[in-house]
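Notes follow once the structure below has been shown.
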Protein chains: 2
Amino acid sequence: MIKLSYNPEKGNSFIKEFKDPLFLLVLSYTETAENDGITVAGADKSLLKYTPPADAEFIEYGYCKSIDAIPATPDGKPTPALLTRVALRIADIPMLVIDGGSKIKPSMPYLDISSTYAKNIVKEDALKIDDVKRIYENSILLGRKLGKISKYIVIGESIPAGTTTALALLMAMGIDARFKVSSSMPNNPHNLKLDIVEKAMKRSGIELGSLRDKPLDAVSHIGDAMMITVAGLSIGASNSKILLAGGTQMCAILALIKVLNHNTLDNIVIGTTKYIVDDKDSNIISLVKEIADVPIISIDLGLERSQHDGLRAYTRGFVKEGAGAGGACIASLLKSNYSNNKLLNNIDEEYLLTIKRQRS
Amino acid sequence: MIKLSYNPEKGNSFIKEFKDPLFLLVLSYTETAENDGITVAGADKSLLKYTPPADAEFIEYGYCKSIDAIPATPDGKPTPALLTRVALRIADIPMLVIDGGSKIKPSMPYLDISSTYAKNIVKEDALKIDDVKRIYENSILLGRKLGKISKYIVIGESIPAGTTTALALLMAMGIDARFKVSSSMPNNPHNLKLDIVEKAMKRSGIELGSLRDKPLDAVSHIGDAMMITVAGLSIGASNSKILLAGGTQMCAILALIKVLNHNTLDNIVIGTTKYIVDDKDSNIISLVKEIADVPIISIDLGLERSQHDGLRAYTRGFVKEGAGAGGACIASLLKSNYSNNKLLNNIDEEYLLTIKRQRS
């Protein structure tokens, strides 16, 4: 069930129009993910860098080429890429993968924008300013091209620890996002994230809002390449309708766009899962409200009715969102007019297929 | 003026329908180009490998990022990428660049399909068979995606010495293409090409037609990555209308598609310049005839009326075609309904601008 969770009027006119989209998945990496306890994406720390390409490969092929297993939490809750795969498949939505700073390149066709992965913001600047500028320019150029071939674009992302760098970026831009960004774990490690962000801000001499007018500098000091890639793509394709498929990370992107190219915000909505919007441990609506009148559209996937505990876990605060899952499911239903139940049944079937593929 | 040069009936119904295309430029390289006297693409031998990325950059930006000068013959006849740039710009046709085995990667966004450049076929196999298979599979996958977002696709290429590997491939596939492939020079070095091809065939134990049923093996032994990339893209996107933008090299691609996926030929035309079709030193019509009923559409750019000798040289047998110029100009006029004169005036202006950009 698709719900208009914020700015419903504008959201409603958006979804009435949104038909036959192109799905973009931006892969990225930040070494910030290697701080202890920060993320459960990827089964162990040395595998973290494989999560983004593995997500892309899983969506494309139904299995991963870069690593053997599918990206999952250590106890086997599946990657949200599973939802994305089903959503795109049933509505025949094409996906293009963009390397927005992945450490490991995906084993499938992808768009190269000369990006680079981000460093651990506790220890050093995330990206050189020249890298940020190049990534930004290339993303705008690419967005302009893609906007010419598709009037409707969904942009998802896969980056481990992305909510931590999102928190850092938002603080630098003057949005007090403490305790508001979400997590892929039920016990959101807010204090750990804050500790990292405070260290990063101190290291780079940033205070709340001190880089309000310098978004590229903010990305360079304490952001990641994913956020500037998605911002650039959105700005380049701003004649198209853009559905940012993701949770609180997308707020960092709104904050960037607001300064970099304000008018682009008129063509953007955020599409995510109910598990993000209803999360008691984060607050996407409050974050978006503080930045812009951008609608939030959410989808109730009904995963509590799934046959598989790994998927039911999403309703207990695990995973929640990622790899553009929520937005892809929204776009899928808008294009296909399938019912929620049909989507859920297909997700359940894909789960079984995935387990079979893994065993064989 | 657009002319139906072969299979006019089918060509006519194709161009009536062909409207709002996506332009793909496939960049590639073969060390076969480093044999003495084989090509004039690139001002000297050490620069040959820069020609493909430079073509792409020139079309995108109006100048080259990878090298200082624009790709040109040693005496300054401009790259056909200049025509492509103007054609795409005036009709607002988006270009995506695909790395189909370039040695130097373009300094701009491009699609990575895990390709690799080809070796000198005189000395060794062009590509490992596993590489050929991977490139082919990735190209099909990418073509399928692009076919979903665009019903009309133009595919051009930039590879130095591509007519030599095309000749080799055609021979292996049983098409006696001797003295029929074109050249970027007025005195087509047929004997030199033949000498290279005969050495390559001898080295790999290939006789005329001996790999007729093994197109991937033929590419591996004596082809290049461009041809299998364009074949794969065409097969993947075979629900779209495809205009292969190039000269006699495109015949190698037709020969591959004919065996790999015969039905794809129904949706293909070749689009090129009058300078190729009317060339006395090569014979594209005879080549196509021998392979399939694929229409040839050509454009008379009227370059003899250009203000610049470098462009008038095209009518004296220099350059003739490349970087998808002929097909891009055809697609441009079909989309924009501009007159030939307007196209020519824009080409002349771009030539002046280019010289100014280079001097500044």
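Every read-out reported here was derived from the displayed coordinates using simple, explicitly stated rules and does not represent laboratory data. Keep in mind that this is a model prediction, so the values were computed, not measured. Cβ sites come from the backbone with ideal geometry, for glycine too, and all protein chains shown count toward neighbours.
What longest range of chain A stays clear of loop-exposed GluC sites (Glu not before Pro) (DSSP non-H/G/I/E/B, at most 16 other C-beta within 10 angstrom)?
Longest site-free region, per DSSP loop and neighbour criteria: A:208-360.
Considering the zone a paramagnetic label at B:Asp68 would reach in this model (a point 7 Å from Cα along the Cα-to-Cβ line), which residues of the range B:332-360 have amide N under 14 Å from it?
Taking a point 7 Å out along Cα→Cβ of B:Asp68, the residues of the range B:332-360 whose backbone N falls under 14 Å are B:358-360.
Given a Förster distance of 35 angstrom, what is the FRET efficiency for B:Phe179 paired with B:Ser46, based on the Cβ-Cβ distance and rounded to 0.05?
It comes to 0.70.
Using the Cα centre of the range A:203-360 as the reference point, and only Cβ charges (+1 on K/R, -1 on D/E), how large is the resulting charge dipole? Debye, rounded to the nearest 20.
Here the size comes out at about 380 debye.
So for the range B:81-171, averaging the separation of alpha carbon pairs under 8 Å that are six or more residues apart and normalising by length, what relative contact order in percent results?
Result for the range B:81-171 is 16 percent.
Quote the charge dipole size of the protein assembly as shown about the Cα centre in Debye, to the nearest 20; the model charges only the Cβ of Lys and Arg (+1) and of Asp and Glu (-1).
Charge dipole, the protein assembly as shown, about its Cα centre: 720 debye, nearest 20.
Using Cβ counts within 10 Å as a stand-in for footprinting exposure, how do B:Arg144, B:Arg85, A:Arg359 rank, fewest first?
So the residues, fewest neighbours to most, are A:Arg359, B:Arg144, B:Arg85.
What is the fewest-to-most order of A:Tyr61, B:Tyr63 by other Cβ atoms lying within 10 Å of their Cβ?
By the 10 Å Cβ count, ascending, the order reads A:Tyr61, B:Tyr63.
Mind jotting down a quarter of the surface of the convex hull over the alpha carbons of the protein assembly as shown, in square nanometres, one decimal?
It is 29.5 nm².
Near A:Gly147, within a Cβ-to-Cβ distance under 13 Å, what is the net charge of the other residues, with Lys and Arg +1 and Asp and Glu -1?
+4
In chain B, if the dipole is taken from +1 on Lys/Arg beta carbons and -1 on Asp/Glu beta carbons about the Cα centre, which of B:Ser204, B:Val294, B:Thr32 is farthest to the positive end?
Most positive-ward Cα: B:Val294.
Compute the separation of the alpha-carbon centres of the range A:102-179 and the range A:318-360 and state it in Å as a whole number.
If we compute the Cα centre of each part, the gap is 25 Å.
How crowded by other chains is B:101-111, given as the mean number of beta carbons from other chains within 10 Å of each beta carbon?
4
Report, as an integer, the average count of C-beta atoms from other chains found within 10 Å of each Cβ along B:140-147.
3
Just want the ordering: A:Ser139, A:Ser158, B:Ser13, from fewest to most Cβ atoms lying within 10 Å of their own Cβ.
B:Ser13, A:Ser139, A:Ser158
Taking only DSSP H segments of four or more residues, each worth -39500 (n - 2.57), what value at 222 nm results for the protein assembly as shown once the sum is divided by all its residues, to the nearest 500 deg cm²/dmol?
-13500 deg cm²/dmol
Antiparallel versus total DSSP beta bridges in chain B: what percent is that, nearest 5?
If we restrict to bridges inside chain B, about 15 percent are antiparallel.
Taking the Cα centre of the range A:68-206 as the origin, how large is its charge dipole in debye, to the nearest 20, when only Lys and Arg (+1) and Asp and Glu (-1) carry charge on their Cβ atoms?
Roughly 220 debye for the range A:68-206.
Let me know the mean shielding of B:87-96 by other chains, meaning the per-residue number of their Cβ atoms within 10 Å of its Cβ.
Mean partner shielding for this stretch: 2.
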